[in-house]
Every structure is written in C-alpha cells, then in structure tokens.
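> Have a look at the structure that comes next, please.
The values are calculated or read from the model by the stated rules, or taken from the named source; none is laboratory data. A quick note: this is a predicted structure, and the numbers were derived from the prediction, not measured. Reconstructed Cβ throughout: ideal geometry from the backbone, glycine too, with neighbour counts over all protein chains shown. Please note that ligands, DNA and RNA were not included when accessible areas were found on the heavy atoms of the full protein model with its side chains. Shrake-Rupley method; radii C 1.70, N 1.55, O 1.52, S 1.80 Å.
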Amino acid sequence: MNERNTTAVLSPISEQADETETISQPASAPSTQGGHTKGPQSPQGLRVPDLPAPEKKRPGRLSESKRIKIFCGSSNPALAEEICKFVGVPLGETRLQRFSDGEVHFQLLENVRGADVFLVQPTSFPVDQHLVELLIMMDALKRASAGRITVVIPYYGYARQDRKDRPRVAITSKLVADLLTTAGANRALLVDLHAAQIQGFFNIPVDHLFASPVLVSYFRELDLPNLTVVSPDAGGVERARFFAKKLDVPLAIVDKRRTDINVTEVMNVIGDVKGRTCLILDDIIDTAGTLVKTVDALLAEGAEKVYACATHPVLSGPAVERIAASRLEQLIVTNTIPLREDAQKVEKIKVLSIAGLLGRAIESIHMETSVSTLFN
C-alpha cells in the first residue's frame, strides 16, 4: 500500500492558523463532489472529514492597501508630532535647510511613491516664509510620485483678504488657494477659516474643520454661571450662534466699526449682558485691539466677568501686553499656531490641543469615511 502526505489548507479569511496533517491513504486520486475534496479512508476504515476547497483571498478596501505618511515643515512641528502620536504613525523624515540668502532647500529622506501623504504646515508668522516652504515641500512630494497629497493647514494665512472691500486690492485668499493647487495639492484640510466661502476658491476637495468641539468641551467642564456667548462682530454671528446652541446659552452681538487695518471702534452691545458671565468667541486674535475694546464694552454694559476664546492665537504686535493688562478673566486658544514665548508666560492664556481632532480627520480621509461625523 502506497502512502503520501496531504496538507489541509485553511481559508485565509478564517483567522485560524494553518495546519498540516499527515494521513495515510491509497494511491488512487480522491474524487471531488460539489466543489469539495472527498476525504480518503484511513487503514482502519475510518473516513477523514471532507475538506473545503481553498478559497481565494478577498482583496481589502483600497484604503487599506495604501501607505499613510505624515510630514511637516518648520511652522508647527510640535502639533505634527502630536498628530502622528494620535494616528500611530511616525513623522516622516525630511531635511529642510536654507541658503545664506534665505532660499529654501527641502529633501525627502524616505520613499513616498504611491503613498497617501499628509503635509502639516500652518502659514503663521512669518507668513510668506512658511507659505513658500509649504509650496516647495508639495513640489518635492509631487516629483517623488506621492499617490495623493493632502495639505493640512491648521491656520490659513491671507484668509482675511477674501473680497474686494475697496478699489484696487488683491483677493489673496483666492491667490493662495491657486498656488496650493498648482504646487500639487490633491486635497486640503483646513481649520476655522475666517470666511467659510474661501472653500469655494479651491478647485480641489476641501475639508473644513471647526475647533468648536474642543472649545465647547472645555467650557462645559468649566460650567460658568449665567453664561452668554458674545460675537465680537456681525461676521462672527453664525459661529457664535452655533457655539451658544451647543452650550444652550443666550447670544449677544457687539457692533464693531473698523476705521483702518487693525484699528477698530466698538459702537454698542446688542443683547442683554447685565449681571452675566460673557464669553467672547472669535476665530483669530491678532493685535487684540478688538478683543480688549469688546471686553471694556461688555463690562460697561454690566457684565460681571468676561472670558474669551479663539482658534488662532496670532497675537502680533502689542497683543500680549494688551491681554495681560486687560480685565479679561481668561483667554482660551488652540495650538493651530505655536504660542509666542512671551505669551506663554501670561497666566490668563490657556492653550488647548486640536491634535486629536486633526488626527481623526486624517484617519477619516485616509480610510475614505465621513469627516462630518466628527461634529455630530
């Protein structure tokens, strides 16, 4: 009697380990029936159970076959590191240098061919330097055959010039959108744009995130009594209304008239703030002139305490000194922009991280699932 070894191969989908079984059987070939291999008989006359025919491995989703890589420039590497830690991937290796005249030299130190690449770079101060740096990095990724380039811009510089509000001026937010697309961006992930319609300036898909989930969670835990959310101008009413709805508190508006660039004059307060704790909500705090005048106007109308929160702490010029000297109780900002060194010493200023929010959005984009569920 001839004997041979037969290997039982399990389906790769079954999550069981492969097993090898040695059995003795006659030399005659086993018959098949119904797509299954009919089990041979052992010398004792016992029949071995039928073995299913090997199944082909089903291909996984397209997103599972793509590599994900995250890179960053010099603008906010700390935020990029936090995002990488949340997502669970290492920060991509690069070499960023400058010639003596300030010209940027950028090199990728790892293979990105066919990879799903996310490039984190807020265009904060110095805005022009970080913007050009971002464009050069995208060009390097495009020439290295990256599969898809998603530019992650927590702070979108030049967003405040989104229309012609006077004769013979540029619409720089549209210009920057064109530059990003030309440089090689396939998709953009932005946070709290100064004007939501800037999304329309792009000819590529745009995911617009809001820092409100992070800020709302903080103030819910703070549980301030008699709270009223205040919009510092008419343009921020929609943002403030959404915030007030989430906290289930009233809304007030400050009428603001701008007389020149970075110069404002507060006119009056619309809404009842007497005896209330006010929370000023804005997207950007630049020189803090608007913020300080709004605080004074609210206190003059009878508000007991005034807090403020903003997504982007630009804090240029005399902003830090103004905030420190103001009657503001606390200013809450996020880390879309690294906080200035002198601002870190001001106890009134507290920073919340949006790395988790950005990390979840990056995962959703990579896995091709809905980003909007982050705000439900």
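> Being charged (D, E, K, R), at pLDDT 95 or above, surrounded by 15 or more Cβ atoms within 10 Å (Cβ to Cβ) and closer than 20 Å to residue 73 by Cβ: is that true of residue 142 here? Spell out how you get there, then give the answer.
Numbers: charged (D, E, K, R): yes; at pLDDT 95 or above: yes; surrounded by 15 or more Cβ atoms within 10 Å (Cβ to Cβ): yes; closer than 20 Å to residue 73 by Cβ: yes.
It is true that residue 142 is charged (D, E, K, R), at pLDDT 95 or above, surrounded by 15 or more Cβ atoms within 10 Å (Cβ to Cβ) and closer than 20 Å to residue 73 by Cβ.
> Out of the residues in region 319-344 that are open to solvent by 50 Å² or more (accessible area, probe 1.4 Å) and not charged (D, E, K, R), which is farthest from residue 121 (Cα to Cα)?
As a first pass, look at region 319-344 and keep what is open to solvent by 50 Å² or more (accessible area, probe 1.4 Å): 321-322, 324-325, 327, 329, 338, 340-342, 344.
Restricting the remaining residues to those that are not charged (D, E, K, R) gives 324-325, 338, 344.
Working: 324: 29, 325: 32, 338: 11, 344: 21 Å.
Filtering region 319-344 for residues that are open to solvent by 50 Å² or more (accessible area, probe 1.4 Å) and not charged (D, E, K, R), the one farthest from residue 121 (Cα to Cα) comes out as 325.
> Being in contact (Cβ under 8 Å) with a residue 12 or more places away in the chain and under 16 Å from residue 333 (Cα atoms) is the filter here, so list the residues in region 213-228 that pass it.
Selection gives 213, 214, 215, 216, 218, 219, 220.
> Could you grab me the full set of residues in region 99-131 that are surrounded by fewer than 16 Cβ atoms within 10 Å (Cβ to Cβ) and either without any contact (Cβ under 8 Å) to a residue 40 or more places away in the chain or not in a loop (DSSP other than H, G, I, E, B) (or both)? Give the steps one after another, and end with the answer.
Applying the first criterion (surrounded by fewer than 16 Cβ atoms within 10 Å (Cβ to Cβ)) to region 99-131 yields 99-103, 105, 107, 109-111, 113-114, 126, 128.
Passing the criteria: 99, 100, 101, 102, 103, 105, 107, 109, 111, 113, 126, 128.
> Give, as residue ranges, the strands (runs of 3 or more DSSP E) completely inside region 219-297 that count at least 2 residues that are modelled with pLDDT under 90.
Correct list: 251-260, 263-270.
> Something else about it: Going through region 348-376 one residue at a time, which ones are touching a helix residue (DSSP H, G or I) at 6+ places or on another chain (Cβ under 9 Å), open to solvent by 50 Å² or more (accessible area, probe 1.4 Å), farther than 21 Å from residue 156 by Cβ and part of a loop (DSSP other than H, G, I, E, B)?
The answer is 368, 369, 370.
> Of the conditions (1) over 19 Å from the mean Cα position of the chain (by Cα); (2) part of a strand (DSSP E or B); (3) of a type in the set (D, E, K, R), residue 162 satisfies every one except a single condition; which number is it?
The single condition residue 162 does not satisfy is (2).
> Here is a list of conditions, (1) outside any helix (DSSP H, G or I); (2) open to solvent by 40 Å² or more (accessible area, probe 1.4 Å); (3) farther than 30 Å from residue 331 by Cα, and residue 181 meets all of them except one; can you say which number that is?
Status for residue 181: all satisfied but (1).
> Could you check region 209-237 and list, in sequence order, the residues that are open to solvent by 40 Å² or more (accessible area, probe 1.4 Å) and within 21 Å of the chain's Cα centre (by Cα)? Quick ask: steps written out before the conclusion?
Going through region 209-237, the residues open to solvent by 40 Å² or more (accessible area, probe 1.4 Å) turn out to be 210, 213, 217, 220-223, 225-226, 234-235.
Those that are open to solvent by 40 Å² or more (accessible area, probe 1.4 Å) and within 21 Å of the chain's Cα centre (by Cα): 210, 213, 217.
Residue by residue, here is whether (1) under 19 Å from residue 283 (Cα atoms); (2) open to solvent by 50 Å² or more (accessible area, probe 1.4 Å); (3) in contact with a strand residue (DSSP E or B) (Cβ under 6 Å, 6 or more places away or on another chain) holds:
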site: 150; (1), (2), (3): no, no, yes
site: 153; (1), (2), (3): yes, no, yes
site: 158; (1), (2), (3): yes, yes, no
site: 165; (1), (2), (3): no, yes, no
site: 173; (1), (2), (3): yes, no, no
site: 191; (1), (2), (3): yes, no, yes
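> A follow-up question, please. Determine whether region 264-278 contains at least one residue that is under 30 Å from the mean Cα position of the chain (by Cα), open to solvent by 10 Å² or more (accessible area, probe 1.4 Å) and among the aliphatic types (A, V, I, L, M). Let's see the steps before the verdict.
Within region 264-278, the first condition is being under 30 Å from the mean Cα position of the chain (by Cα), and the residues that meet it are 278.
Among the residues that remain, those that are also open to solvent by 10 Å² or more (accessible area, probe 1.4 Å) are: none.
Within region 264-278, none of the residues are under 30 Å from the mean Cα position of the chain (by Cα), open to solvent by 10 Å² or more (accessible area, probe 1.4 Å) and among the aliphatic types (A, V, I, L, M).
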